[in-house]
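Undergrad: A single structure is presented below for examination.
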Amino acid sequence: MEARKHISQMTTQEKTLLNSFIGKDKCNYKIGKHAQKRGSEKVIANECVYRALEDGQIIEYHYKDSNRLLIRGNVDEGNINICVVVDLTENEIITIYDNEISDKHFTLNRSLYRKNFDIASMFKKKKKCGNNGCFGNTYNKTVAI
């Protein structure tokens, strides 16, 4: 299952929920191999990536086997903003890229997004149960909708 929701489609509660995840440990995300490679290719320094996480704005939520956020930095880094995709499940920076400040995404394909998708349901706690009963609360990372 894969689902996306644009910030313009999110409720206030969903925005608050997602901001709480990046607000806790913005600089504790490990930089994954793909992000390292992209940073080298695009010559994006790690401090620019962390600044984007610190000062950026959530653009979209994306569920793709894990809970992911696209964050666009608000700082002018030479007429570009740094964009960062973080995996909230693994606490990892998946990829980074640059985006021209003037790009307002008028060509955004809105058909990729699901306005009625309930983001909060992806973070609800469920009990894991086996033959010997329940093992306690864990986050369910593979909720089907």
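The values are calculated or read from the model by the stated rules, or taken from the named source; none is laboratory data. No experiment lies behind these values; they were computed from the predicted model shown. Reconstructed Cβ throughout: ideal geometry from the backbone, glycine too, with neighbour counts over all protein chains shown.
Undergrad: Contact list please: Cβ distance under 6 Å, first residue in segment 51-68 and farther than 17 Å from Asn99 by Cα, second residue of a type in the set (S, T, N, Q), pairs at least six apart or on different chains.
TA: Ser66/Thr89; Asn67/Thr89
Undergrad: Then there's this: Among the residues of segment 73-89, write down those that are in a loop (DSSP other than H, G, I, E, B), over 18 Å from Ile58 (Cβ atoms) and either out of contact with any helix residue (DSSP H, G or I) (no Cβ under 8 Å at 6 or more places or on another chain) or aromatic (Phe, Trp, Tyr) (or both).
TA: Selection gives Asp76, Gly78, Asn79.
Undergrad: Which is modelled with pLDDT of 80 or more and surrounded by 10 or more Cβ atoms within 10 Å (Cβ to Cβ), of Asn79, Asn116, Asn46?
TA: Answer to the selection: Asn46.
Undergrad: Now for a separate question. Taking segment 52-76 only, how many residues are over 16 Å from Lys104 (Cβ atoms), among the charged types (D, E, K, R) and buried (at least 19 other Cβ atoms within 10 Å of the Cβ)?
TA: Summing the residues that are over 16 Å from Lys104 (Cβ atoms), among the charged types (D, E, K, R) and buried (at least 19 other Cβ atoms within 10 Å of the Cβ) in segment 52-76 gives 1.
Undergrad: For residues that are buried (at least 19 other Cβ atoms within 10 Å of the Cβ) and part of a helix (DSSP H, G or I), tally how many sit in segment 15-37.
TA: Of the residues in segment 15-37, 2 are buried (at least 19 other Cβ atoms within 10 Å of the Cβ) and part of a helix (DSSP H, G or I).
Undergrad: Please name all residue pairs, on different chains or six or more residues apart, with Cβ atoms under 7 Å, provided the first residue is in segment 80-92 and is without any contact (Cβ under 8 Å) to a residue 60 or more places away in the chain and closer than 20 Å to Ala120 by Cβ and the second residue is assigned to a strand (DSSP E or B) and among the β-branched types (Val, Ile, Thr).
TA: Cβ pairs passing all conditions: Asp87/Ile94.
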